[in-house]
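Enquirer: Quick one: the structure is below, and I'll ask about it shortly.
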Amino acid sequence: MSTGYQVYNQNGMYFITPTIVDWVDIFSRKIYRDIIIDSLKYCIAEKGLKVYGYVIMTNHLHLIVTSSTGKLSDTIRDFKKFTANEILKTIQNEPESRREWILHRFQWNAKHHKRNETHQIWTHDNHAIEISTLPFFSQKLEYIHSNPVRAGWVEREEDYLYSSAKVLYGKKDMIPISNWND
């Protein structure tokens, strides 16, 4: 098991990148992006998660997060487990033209990791990097917000719906965004 890029300080602020196995572009569909948004809202309201920045790309998320309960690893684990189950149910029950291929990828990955029984949706690594200074925080937030622009999806970062960038421009976001000073 990897020892780098883990959450060691459960009270710390981290830049994390949860990634879908095999870089499957699951979040190219709104229905799956909305599962992420709903789960983040729940974790904020019920588990003490604080989100300082986020973006949902087609096959991964970038988040800057901390936990007011000192249980950041547990919250991330629960978030990934819940969203994996919801994504899997949605693939199986909603119209999905890529159903067989996606399920095959998720089943194949589960066979190669002892932690999963039938399907693996997320990679086990979150590439967690602790943030302890305002300049590093600002650098990571800029990186997160510029992702949809670099991908060519929008011209301005604040125009991408599934990103916290709009908060910097005085617009309302789908989830409550914390401030560096919070």
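Enquirer: When the residues of region 152-182 are narrowed to those that are touching a Lys or Arg at 6+ places or on another chain (Cβ under 9 Å) and of a type in the set (G, A, S), which ends up surrounded by the most Cβ atoms within 10 Å (Cβ to Cβ)?
Expert: A165
Enquirer: Check whether at least one residue in region 92-107 is of a type outside the set (D, E, K, R) and closer than 30 Å to Y8 by Cβ, and report yes or no.
Expert: Filtering region 92-107 down to residues of a type outside the set (D, E, K, R) leaves 92-93, 95, 97, 101-104, 106-107.
Checking the rest, the ones that are also closer than 30 Å to Y8 by Cβ come to 106.
Yes, region 92-107 contains at least one residue that is of a type outside the set (D, E, K, R) and closer than 30 Å to Y8 by Cβ.
Enquirer: I would also like to ask the following. For region 113-128, name all the residues that are more than 14 Å from the chain's Cα centre (by Cα) and not basic (K, R). Outline the logic, then answer.
Expert: Let us first name the residues in region 113-128 that are more than 14 Å from the chain's Cα centre (by Cα), namely 113-120.
Across region 113-128, the qualifying residues are H113, N116, E117, T118, H119, Q120.
Enquirer: Just need a number here: residues in region 15-36 that are buried (at least 17 other Cβ atoms within 10 Å of the Cβ) and under 12 Å from the mean Cα position of the chain (by Cα).
Expert: Summing the residues that are buried (at least 17 other Cβ atoms within 10 Å of the Cβ) and under 12 Å from the mean Cα position of the chain (by Cα) in region 15-36 gives 11.
Enquirer: Using beta carbons and a limit of 9 Å, which pairs, at least six apart or on different chains, have the first residue in region 116-145 and free of Cβ contacts under 8 Å to residues at least 24 places away in the same chain and the second one of a type in the set (G, A, S) and in a loop (DSSP other than H, G, I, E, B)?
Expert: So the pair list comes out as H124/S2.
Enquirer: Residue under question is T75, and the condition is that it be in contact with a Cys (Cβ under 7 Å, 6 or more places away or on another chain) and either assigned to a helix (DSSP H, G or I) or more than 17 Å from R33 (Cβ to Cβ) (or both); does it hold? Talk me through it step by step, then tell me what you get.
Expert: Values: in contact with a Cys (Cβ under 7 Å, 6 or more places away or on another chain): yes; either assigned to a helix (DSSP H, G or I) or more than 17 Å from R33 (Cβ to Cβ) (or both): yes.
Criteria met by T75.
Enquirer: On to the next question. Which numbered condition trips up G4, out of (1) modelled with pLDDT under 95; (2) surrounded by 15 or more Cβ atoms within 10 Å (Cβ to Cβ)?
Expert: Only one criterion is unmet by G4, namely (2).
Enquirer: Answer with yes or no whether N147 is among the polar types (S, T, N, Q), under 19 Å from the mean Cα position of the chain (by Cα) and part of a helix (DSSP H, G or I). First the steps, then the outcome.
Expert: Numbers: among the polar types (S, T, N, Q): yes; under 19 Å from the mean Cα position of the chain (by Cα): yes; part of a helix (DSSP H, G or I): yes.
Here the answer is yes, as N147 does meet what is asked.
Enquirer: Another question, then. Any idea which of (1) at pLDDT below 95; (2) closer than 19 Å to T17 by Cβ; (3) not in a helix (DSSP H, G or I); (4) not aliphatic (A, V, I, L, M) is the one E130 doesn't satisfy?
Expert: Condition not satisfied by E130: (1).
Enquirer: Any idea how many residues of region 52-86 are under 12 Å from L40 (Cα atoms), in contact (Cβ under 8 Å) with a residue 40 or more places away in the chain and surrounded by fewer than 20 Cβ atoms within 10 Å (Cβ to Cβ)?
Expert: 2
Enquirer: Let me ask another. Looking only at region 19-28, count every residue that is out of contact with any Lys or Arg (no Cβ under 6 Å at 6 or more places or on another chain), in contact (Cβ under 8 Å) with a residue 60 or more places away in the chain and either assigned to a loop (DSSP other than H, G, I, E, B) or within 14 Å of L88 (Cα to Cα) (or both) and tell me the total.
Expert: The first filter runs over region 19-28 and keeps only residues out of contact with any Lys or Arg (no Cβ under 6 Å at 6 or more places or on another chain), leaving 19-21, 23, 25-26, 28.
Among the residues that remain, those that are also in contact (Cβ under 8 Å) with a residue 60 or more places away in the chain are: 19-21, 26.
Now narrow it down to the ones that are either assigned to a loop (DSSP other than H, G, I, E, B) or within 14 Å of L88 (Cα to Cα) (or both): 20-21, 26.
Number of matching residues: 3.
The values are calculated or read from the model by the stated rules, or taken from the named source; none is laboratory data. Given the structure is predicted, the values throughout are model-derived calculations rather than measurements. Cβ sites come from the backbone with ideal geometry, for glycine too, and all protein chains shown count toward neighbours.
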